[in-house]
Every structure is written in C-alpha cells, then in structure tokens.
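Novice: Got a structure for you, written out below as structure tokens; questions coming shortly.
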Amino acid sequence: MNQQIEDRKQESQRFQMRVLVHFGGLLPLVLLIGSYVRDELGFNPVEAALQKTGQIAAVFLVLSLAITPLRKLLKLPLLRYLRKPLGLYAAFYAALHFLTFAWWDYGLDFGLIWAEIVAKPFIIIGALALLILAVLAATSFRSVQRKMGKKWVQLHRLTYLAAILVIAHFLLAVKGNLLTLQGNYTFPLVLGGVLVVLLLMRLPGIRKNN
Amino acid sequence: MAKRKHGSVPLKKDEITPKPLYDSRRKFLKQMGFLGMGAVLASCAPAPAATSAPPAEPTGGLATLTGLTDELGNPLTDYNAVTGYCNFYEFTTNKEKVDEQAEDFVPEPWSVEVGGLVNNPRTFTMSEILETFDQQERIYRMRCVEGWSMVIPWLGFPLRQLLEEVEPTSEAKYVAFQTAMLPDVMNGVNSMMFPFPYLEGLRLDEALNDLSLLATGLYHESLPPQNGAPIRLVVPWKYGFKSIKSIVKISLVTDQPYTMWNTIAPQEYGFYANVNPDVDHPRWSQGTEIRIGENQRRDTLYMNGYADEVEYLYEGMDLAVYY
C-alpha cells in the first residue's frame, strides 16, 4: 500500500518535471516564431534566427550537462528527469539552427552549402557537433539504452565533446580576434566557463570530494 | 529579442523632409547660379558618373525617392533599414541598437582637420564644407563584410575635391582617416575591446577616384548620427568597414596607414578590402550576400559591380594577396 502511494507520488513528480522541461524547452521556439510572425526579427531576420537558434541550442546543451552536478549539490533527486529532455532540446535547436542555415539562408543549394562548410573551419566544427548530437538523440530511446548497456554510457559521454565543439563553433563565429578577445565574446565565454567548471567537476579527484 | 526599432514608431512624412541645412545648401547653390557662377562650379564638378542619379528635388522627401534604383536596377533599401541596421562599434556592437545609443550624439559644432603631406593644411568647419563643395546625390550599393548589403541614396561630394583644395605633395601616397572619439556620448569607446579611435585609409589614387565620396547626407536629409554624422567616407567597391564614419581628421601620408580592423585581425580584414567573391573570409561567404529586405541570397559582384570604374587601380596586383 505504502509502496503504491510512493510510486504514485513519484509518478506525479515526474509528470510535473516533464511539464516544466517541455514548457521551458518549447518556450524559446514559441517566442522565436512569435517574433518572426510579428516581423520583429529585425532587418536581417535570417542572421537573427541563425544566432538565436544557435545560442538556444548551446544553452540547453550546457544546462543538460549541469543537471547531474546540480542535482547532487542541491540534493534534488527530481532534477534527474530534466537531463535527457534538455539534451534532446539541445539537439532539436541545433537541427533548427542547421535548417536556418541550409534552408532559409542558402535555399537548400547543396553546392553552395557544401562550399561553405568545407571553406570555413567554424562550420566544420559546428557540423561535427550536430552530427554527435544527432547520433545521441537517435540512441536516446530507453530500448536502445537497454540494448547497448555499458556502451550506451560511453557513447553518451560524447555530449561533453559536442559541448566543447559547440563553444568552439560559437567563439569562432564571433566577429573579432579570439586571441586578443577583441569582439563580442561575453556570451560564448560565460557559457564556455560554465562548461569548464562542469568538466573539472568530472575529474576523479574533485568528483570524490562531492 | 531584437526589436525593429522603427517598427513601433512609424516614421512620419515630415520627419524625412529635408532639414533646413539642406534647403540652405540648395539656396546657396541657386544663388551661385544666379550670380553666373554656375559655369565655374560646373568646371570643378566631375563628369557625371554612371552611378550618379539625377538630383532629386529636395521637397517631397521620400516620395520623390520611391522608384529610384541604382544603375543596375536595384531598388533602394528601405530608409528604416538604412538607419536602423548599422555597424558603429563606438556606440554598440548591436547593429539594431546603434540608432538608440547614438541619440545623444549631436555632431555640432564639427570640424575636419585636413593635413599631413599637403601644401595647404586646413581645418574645415562643417558649414565651410557644405558651402565649398557641391552636394550631389549618388546611389551606391553597400556591401558589408558580414555578408549583407544595401542600396543607399547618399548626398555628398567626391573626396577628390577636398584633396584638391589642400593639394597633396608629391610624397603623399596614402590618405588616413580618423573617426571622432567622444566618450561622453559613445558608450562603446570605453569598452577596451577595440583600439579606438577608428582608423581607415585609402591609397591616394583610390581616394582620387570619382566614386570615393565624402557623404554628408542620405535619403535627402543630413546624415543621422548612426550613419556617421556629420560627414563620412563612402567607397562603394570596398567592404563597408572601409567607409569610415564621423570623420574628424584626414591626413596625407607616405606609408600605408594603420586601420582598425586590419590591426585587430589582419588575416581577415585586408587593407584593400575590395569586394571580391573570389577571396573568401573565414566567417562569412563573400560569394553571395543577403540584400536587406530580400529573401534570397544573391551573387556578390566583383568590386561590388564597380569593376569598370576601379579595375585600373589594381592592374598587376594579386588581389588574393592584397585582399
């Protein structure tokens, strides 16, 4: 009887967390479509949409990686329900970002798109990150996870690599000089700083102390 | 969310009718004509360039400009976009916030110091500039290195005319330009991110080309602050960052001058910065561009479509090296 109540409670908490994460995950899309429809994306809507979808994807990716440390730090086991959906939203917005580039901006002119990708290192880096996120999203189903076992855990550690690539892509996309930080580097640097902290927390020495 | 600043406050007709300044300019020229000076003025005026449109009447504002195109038939870019989407890092790096940030920038009084290797160094006040040089309308394409472009009706006069006034000496090989640095109104100059003041430069023969314009207005009004008030350079065959804004100083020099973007990232921004679809940039496509207000990319033209007028300047030069 008690077990049933406990199960139900857990189920309802899980449901609440899901509502929360899907609300948060879809809100940027709704806002983005809203500003497009109201013609508020500015004078260069493609550029604005490209930057926004990219930034949203990067934020969701870093957030998904922050969930486990936050869960331990804040002693909030419920947060575990957020990790996978946040990662999937990151993949979703990364795909939107690519579609904005390939479809909206380049009108699916594959010759032109290919020329862009190979000519620009930052696009190659972004494309690699997208590829990783796509593989991770495709293998995110519980059935696949069960089938893959330990290998799944190893595969999904690639999220960290994807995040590093995403930050590199972001830094290289900013107009300026990365070496001297002359340019608009605040956003990618803050996000990159968070990622560095998250990576450090995974180092064995530091991890044990937590 | 980026907001379309002018979207919420539609521009009224009377806001775009010419400023008193413009009228006085016209009146002055008319008087000159009546005094029989027309012929004298005409003799210093350049042969009409293929790109210069017939001067539109100052009355009527935008209405007289609708339907105007550049010499290739491209329609003018919307006034709101021209004045609402600008790169002017002295104010902010957000292109759509420059107009807002530059509101307190009142470019009066203003003077431009012209010196260096010249016989007649001289500091021109803005009113002297407007009185000395016949203002003409030029419709130019503007191609930003970031991969977008516009078509803008400028008011101004060939840089050559100003240089002829000060007479460069035979040692002068380059022209260096400097933007005002006014920390009180320019929030961005204190950011430490960029080595202000903004500097630009041209080779002397480029500066003497008839296309090189010192612009004092656009769309029949004096330059709005965000577009580089009260006087700026416009070199339409080069990427937009060469067209330095709010000029306070022009110097004739022997050596190729330092320019801001070339100093920050020389591998990305060359001194010449000619629009060239064959020389790629690590970040933006230079083969195609987004014309602001259009939905589809269009091909970028060699020298931004001005090759016939400027190609002689680069004869024998490898433009992949001198980009």
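Novice: Scan segment B:186-212 residue by residue and report those that are over 30 Å from B:Val310 (Cα atoms), surrounded by 17 or more Cβ atoms within 10 Å (Cβ to Cβ) and of a type outside the set (A, V, I, L, M, F, W, C).
Specialist: Selection gives B:Gly188 alone.
Novice: Same structure, new question: Can you tell me which residue within segment A:89-103, out of those that are among the aromatic types (Phe, Trp, Tyr) and in contact with a helix residue (DSSP H, G or I) (Cβ under 8 Å, 6 or more places away or on another chain), is least open to solvent (accessible area, probe 1.4 Å)?
Specialist: Taking segment A:89-103 first, the residues among the aromatic types (Phe, Trp, Tyr) are A:89, A:92-93, A:98, A:101, A:103.
Still in the list and also in contact with a helix residue (DSSP H, G or I) (Cβ under 8 Å, 6 or more places away or on another chain): A:89, A:92-93, A:98, A:101.
Numbers: A:Tyr89: 24, A:Phe92: 83, A:Tyr93: 0, A:Phe98: 81, A:Phe101: 26 Å².
The selected residue is A:Tyr93.
Novice: Of all residues in segment B:264-295, how many are more than 21 Å from the chain's Cα centre (by Cα) and either open to solvent by 20 Å² or more (accessible area, probe 1.4 Å) or facing chain A (nearest Cβ under 8 Å) (or both)?
Specialist: Summing the residues that are more than 21 Å from the chain's Cα centre (by Cα) and either open to solvent by 20 Å² or more (accessible area, probe 1.4 Å) or facing chain A (nearest Cβ under 8 Å) (or both) in segment B:264-295 gives 17.
Novice: Here is a list: A:Ala163, A:Ala168. Which entry is away from every other protein chain (no Cβ under 14 Å) and modelled with pLDDT of 95 or more?
Specialist: A:Ala163
Novice: A further question on this structure: Return the residues of segment A:11-54 that are acidic (Asp, Glu) and either in contact with a His (Cβ under 7 Å, 6 or more places away or on another chain) or within 14 Å of another protein chain (Cβ to nearest Cβ) (or both); say none if nothing qualifies.
Specialist: Selection gives A:Asp39, A:Glu40, A:Glu47.
Novice: Mind checking which residues of segment B:166-176 are surrounded by 15 or more Cβ atoms within 10 Å (Cβ to Cβ) and in contact with a Ser or Thr (Cβ under 8 Å, 6 or more places away or on another chain)? Reasoning before the result, please.
Specialist: Of the residues in segment B:166-176, the ones surrounded by 15 or more Cβ atoms within 10 Å (Cβ to Cβ) are B:166, B:168, B:172-176.
Within segment B:166-176, B:Ala172, B:Lys173, B:Tyr174, B:Val175, B:Ala176 qualify.
Novice: Mind telling me which of the residues A:Leu189, A:Leu158 ends up being at pLDDT 95 or above and farther than 26 Å from B:Tyr89 by Cβ? Before the answer, list the steps.
Specialist: Numbers: A:Leu189 fails: farther than 26 Å from B:Tyr89 by Cβ.
Every option except A:Leu158 fails the conditions.
Novice: Restricting to segment B:70-81, and then to whatever is at the interface with chain A (Cβ under 9 Å from one of its Cβ atoms) and in a helix (DSSP H, G or I), can you tell me which residue is nearest to B:Gly147 (Cα to Cα)?
Specialist: Here the residue is B:Ala81.
Novice: Ok, one more. Could you please find all residues in segment B:223-256 being farther than 23 Å from B:Val82 by Cα and open to solvent by 20 Å² or more (accessible area, probe 1.4 Å)?
Specialist: Hits for segment B:223-256 are B:Lys249, B:Ser251, B:Val253, B:Thr254, B:Asp255, B:Gln256.
Novice: A follow-up question, please. Before we move on, is B:Asn87 within 14 Å of chain A (Cβ to nearest Cβ), at negative phi and either open to solvent by 20 Å² or more (accessible area, probe 1.4 Å) or free of Cβ contacts under 8 Å to residues at least 40 places away in the same chain (or both)?
Specialist: Criteria met by B:Asn87.
Novice: Would segment B:177-187 turn up any residue that is over 19 Å from B:Phe105 (Cβ atoms) and more than 11 Å from the chain's Cα centre (by Cα)?
Specialist: The answer is no, given that none of the residues of segment B:177-187 is over 19 Å from B:Phe105 (Cβ atoms) and more than 11 Å from the chain's Cα centre (by Cα).
Novice: Still on this model: Can you confirm whether A:Ala57 is over 15 Å from A:Phe170 (Cβ atoms), modelled with pLDDT of 95 or more and more than 14 Å from chain B (Cβ to nearest Cβ)? Even if it seems obvious, please write down each step before you answer.
Specialist: Details: over 15 Å from A:Phe170 (Cβ atoms): no; modelled with pLDDT of 95 or more: yes; more than 14 Å from chain B (Cβ to nearest Cβ): yes.
For A:Ala57, the condition - over 15 Å from A:Phe170 (Cβ atoms), modelled with pLDDT of 95 or more and more than 14 Å from chain B (Cβ to nearest Cβ) - is not met.
Novice: Go through segment B:219-323 and tell me which strands (runs of 3 or more DSSP E), entirely inside it, have 3 or more residues that are among the hydrophobic types (A, V, I, L, M, F, W, C).
Specialist: So the answer is B:247-253.
Novice: From A:Ala49, A:Ala95, A:Ala57, A:Ala115, which residue is without any contact (Cβ under 8 Å) to a residue 24 or more places away in the chain and small (Gly, Ala, Ser)?
Specialist: Going through A:Ala49, A:Ala95, A:Ala57, A:Ala115 in turn, just one is without any contact (Cβ under 8 Å) to a residue 24 or more places away in the chain and small (Gly, Ala, Ser): A:Ala115.
Novice: Can you name the residue in segment A:104-154 that is part of a loop (DSSP other than H, G, I, E, B) and open to solvent by 40 Å² or more (accessible area, probe 1.4 Å) and, of all such residues, is farthest from the other protein chains (Cβ to nearest Cβ)?
Specialist: Going through the qualifying residues, I end up with A:Phe141.
Novice: I would also like to ask the following. Residues to consider are A:Leu65, A:Leu70, A:Leu74, A:Leu86; find the one that is out of contact with any helix residue (DSSP H, G or I) (no Cβ under 7 Å at 6 or more places or on another chain) and more than 14 Å from chain B (Cβ to nearest Cβ).
Specialist: When all the criteria are applied, what remains is A:Leu74.
Novice: Looking at segment B:298-307, can you tell me whether even one residue there is open to solvent by 70 Å² or more (accessible area, probe 1.4 Å), out of contact with any strand residue (DSSP E or B) (no Cβ under 6 Å at 6 or more places or on another chain) and more than 23 Å from A:Asn44 (Cβ to Cβ)?
Specialist: Among the residues of segment B:298-307, at least one is open to solvent by 70 Å² or more (accessible area, probe 1.4 Å), out of contact with any strand residue (DSSP E or B) (no Cβ under 6 Å at 6 or more places or on another chain) and more than 23 Å from A:Asn44 (Cβ to Cβ), which makes the answer yes.
The values are calculated or read from the model by the stated rules, or taken from the named source; none is laboratory data. These figures come from a predicted structure and were not determined experimentally. Cβ: placed from backbone, ideal geometry, glycine included. Neighbour counts: every protein chain shown. Heavy atoms of the whole protein, side chains included, go into the accessibility calculation; ligands, DNA and RNA do not. Shrake-Rupley method; radii C 1.70, N 1.55, O 1.52, S 1.80 Å.
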